[in-house]
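Everything below concerns the one structure shown next.
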Amino acid sequence: MVLDHIGHIADEPMDVPVASARPGALVEPRVLLVGRPGSGKGTQGERLSARLDVHYLSTGDLLRRHIAANTSLGRSVERLVLAGELVPDELIAAIVMSCIGVGGYVLDGFPRTVEQAAALSSLASTAPNLVIELVVSPAVVISRLAGRNRSDDDIEVARRRLDLYDTETAPMLAGFERDGILRRVDGDGTVAAVEAEVWRETMRALEGTLLVN
Ligand code: AMP
């Protein structure tokens, strides 16, 4: 029941698997994939979660599914998502916290603000142990966004989303950098090259603390 924690819009839950703890793991991998729109978070997030065998959650995909299914949550966030604005911190934090359970995860698109990061880190069982920023050059971002067919990739809206990354998400990354859990990966290369680098950084950061094959 995805939306149990948020009362008035809990009437139309979407089907999102809840992660569970795996017996035997020393530390569950809890990884955030962060990056500008078009940085490849979705593609890399799915691959990394498959390799780590943990739950993958993309908040953008989840919200788009709600909008497409015309749920009450979808209706309440549609205007914001189409305009490239962020949905309220408390709302998205409640949704994510109800989805991730106590197991490992790869999160794509959450947290995006200092407040969302504080909510995620408020419990030892949900706090991330690795944050990977996919760093992409402006030319690559523009060509990737132009090649997609999403209504929030319209040029004005994409510009707003890029601005919000700088004003809201970059300060959040500074906090993770101070905590010593931020790694940066060059996201300009091919999918396979970026995947290899993401995996190398993940192993470098978490090896010895995880039971990962
Ligand atoms: P994404 O696919 O991650 O780029 O997300 C698409 C849109 O969903 C964003 O532009 C926001 O409108 C909304 N969204 C996704 N994740 C969040 C979040 N963590 N906080 C606020 N809004 C979000």
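The values are calculated or read from the model by the stated rules, or taken from the named source; none is laboratory data. Because the structure is a prediction, the values reported are computed rather than measured. Here the Cβ positions follow ideal geometry from the backbone for every residue, glycine too, while neighbour counts run over all protein chains shown.
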Item to check | Every residue from region 45-64 that is within 16 Å of the ligand (Cβ to nearest atom) and part of a helix (DSSP H, G or I) | outcome: GLY45, GLU46, LEU48, SER49, THR59, GLY60, ASP61, LEU62, LEU63, ARG64
Item to check | Output for region 97-148, where each listed residue is within 13 Å of the ligand (Cβ to nearest atom), farther than 21 Å from PRO29 by Cβ and buried (at least 19 other Cβ atoms within 10 Å of the Cβ) | outcome: THR113, VAL141, LEU145
Next on the checklist: Quick check on region 77-92. Is at least one of its residues within 11 Å of the ligand (Cβ to nearest atom), among the small types (Gly, Ala, Ser), in a helix (DSSP H, G or I) and farther than 27 Å from GLU197 by Cα?
Outcome noted: no
Next on the checklist: Going through ILE67, ILE6 one at a time, which residue ends up being at pLDDT below 95, assigned to a helix (DSSP H, G or I), within 16 Å of the ligand (Cβ to nearest atom) and surrounded by 14 or more Cβ atoms within 10 Å (Cβ to Cβ)?
Outcome noted: ILE6
Checklist outcome for this item: Flagged pairs (Cβ under 6 angstrom, 6 or more apart or on separate chains; first in region 31-47, closer than 19 Å to MET203 by Cβ; second outside any helix (DSSP H, G or I) and among the hydroxyl-bearing types (Ser, Thr, Tyr)) are GLY45/TYR56; GLU46/TYR56
Item to check | Residues within region 177-210 that are in a helix (DSSP H, G or I) and touching a residue at least 60 places away in the same chain (Cβ under 8 Å), tallied | outcome: 9
